[in-house]
Amino acid sequence: MTADSWCRTIMPLSEDYDVIAPDLLGSGFTESGSYIGGPPHGPMLDHLEALIDRLHLDDVTLIGSSFGAALSILLYHRRPDAFSSMVIVSSGSTFKSAEELAEMYDRAAKNGGSALADPSLQVCRERLGRLFYDPSRIPQELLLLQLTPYALPTALPSFETRMQGMTDVDAMRPFAIGDRLRAIKIPVLGVWGKQDPRGDYEGAAEKLSALPNVELKVIDRCGHLPHLEQSEQFLEIIRAFLKMRTSSATSSNTNIKVEP
């Protein structure tokens with residue numbers, strides 16, 4: 001989705017931090033730029049890197065959900081000097097092989113394409129409902145925010161081109177990042193919905209344990225989008241992580257902590 005999917009967290013976090021929430025390349029109101037086909041990762045990372053340079057950013061905490069978490073890890077490897085910590089949110093794509101990614105993105109293409117092909121309030125609600133543990137917690141404001149960018153004439157063709165590139169197994173191999181996790185040197189927080197239909201948090205805990213400084217928090221009664229479905233608990237976790245990071249920036253490595 002777009003920056004709008006952080007509608008429950010941007011303003012509360014901005015009370016204490018500078019918060020930057022861009023629409024990814026080809027999403028929302030951001031055009032496709034140089035991207036014309038294949039896996040969109042490269043052009044998306046170019047776009048984000050240009051944003052870092054334009055705003056002269058450093059000491060950044062990256063927060064990425066699902067596919068956004070995979071991009072965060074790839075962006076860190078491009079510009080490790082810009083980032084001081086990272087939050088990975090319910091990201092199944094972070095730990096899968098190229099073959100598994102292709103299968104997962106095929107399902108995601110069908111779910112996302114349903115809303116873009118018919119950007120009505122009801123269809124958008126049904127789409128998000130498949131990602132929530134409790135669909136009654138879908139933010140009404142997010143549904144309304146989605147209607148305009150989803151109805152843009154470029155939205156569906158752009159989405160279909162991106163998803164076609166992401167289901168090409170051979171083309172996706174350079175962007176499978178499971179083997180790159182050990183090279184992450186900054187503190188990492190993982191936040192998972194316990195009932196996430198896409199991100200296996202038990203498997204994530206096993207893979208994340210390879211990192212030198214990592215903590216994993218699990219939110220019960222929560223699906224794929226904890227920053228939306230359980231936003232208050234999510235914000236508590238993020239604030240605690242940021243506070244601890246700023247108060248002990250030079251702390252020694254720790255083992256993984258898994259808390260229900």
Enumeration of residues in segment 219-247 that are in contact with a helix residue (DSSP H, G or I) (Cβ under 6 Å, 6 or more places away or on another chain) and without any contact (Cβ under 8 Å) to a residue 60 or more places away in the chain:
219
Scanning segment 52-108 for residues that are basic (Lys, Arg) and either in contact with a Phe, Trp or Tyr (Cβ under 6 Å, 6 or more places away or on another chain) or modelled with pLDDT under 90 (or both) gives 96, 107
Consider residue 94 carefully, then state whether it is assigned to a loop (DSSP other than H, G, I, E, B), surrounded by 16 or more Cβ atoms within 10 Å (Cβ to Cβ) and β-branched (Val, Ile, Thr).
no
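Residue-wise test of (1) out of contact with any His (no Cβ under 8 Å at 6 or more places or on another chain); (2) surrounded by 20 or more Cβ atoms within 10 Å (Cβ to Cβ); (3) touching a residue at least 60 places away in the same chain (Cβ under 8 Å).
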position	(1), (2), (3)
6	no, yes, yes
18	yes, no, no
57	yes, no, no
75	yes, yes, no
79	yes, no, no
Selection over segment 139-151 where residues are touching a residue at least 60 places away in the same chain (Cβ under 8 Å) and either of a type outside the set (D, E, K, R) or at positive phi (or both) yields a count of 5
Which ones in segment 213-235 are assigned to a loop (DSSP other than H, G, I, E, B) and surrounded by fewer than 16 Cβ atoms within 10 Å (Cβ to Cβ)?
220, 221
Restrict the check to segment 170-190 and report whether at least one residue is at pLDDT below 90, surrounded by 14 or more Cβ atoms within 10 Å (Cβ to Cβ) and farther than 19 Å from residue 69 by Cβ.
yes
Sort through 71, 24, 57, 51 and tell me the only one that's within 24 Å of residue 153 (Cβ to Cβ), out of contact with any Leu (no Cβ under 6 Å at 6 or more places or on another chain) and not in a strand (DSSP E or B).
24
Answer from 52, 10 - the residue that is among the hydrophobic types (A, V, I, L, M, F, W, C) and more than 24 Å from residue 147 (Cβ to Cβ):
52
Selection status of residue 119, assigned to a loop (DSSP other than H, G, I, E, B) and farther than 30 Å from residue 186 by Cα:
yes
Could you go through segment 118-138 and let me know if any residue there is in contact (Cβ under 8 Å) with a residue 24 or more places away in the chain, out of contact with any helix residue (DSSP H, G or I) (no Cβ under 9 Å at 6 or more places or on another chain) and of a type in the set (Val, Ile, Thr).
no
When segment 14-46 is checked residue by residue, the ones that are more than 16 Å from the chain's Cα centre (by Cα) and of a type outside the set (Gly, Ala, Ser) are 15, 16, 17, 18, 29, 30, 31, 35, 36, 39, 43, 46
When only residues in segment 130-169 that are in a helix (DSSP H, G or I) and among the charged types (D, E, K, R) count, which is surrounded by the most Cβ atoms within 10 Å (Cβ to Cβ)?
162
Of the residues in segment 191-210, those that are out of contact with any helix residue (DSSP H, G or I) (no Cβ under 8 Å at 6 or more places or on another chain), surrounded by fewer than 19 Cβ atoms within 10 Å (Cβ to Cβ) and part of a helix (DSSP H, G or I) number 3
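The values are calculated or read from the model by the stated rules, or taken from the named source; none is laboratory data. None of the values given here were measured: they were computed from a predicted structure. All Cβ positions, even for glycine, are placed from backbone atoms using ideal geometry, and neighbour counts span all protein chains on display.
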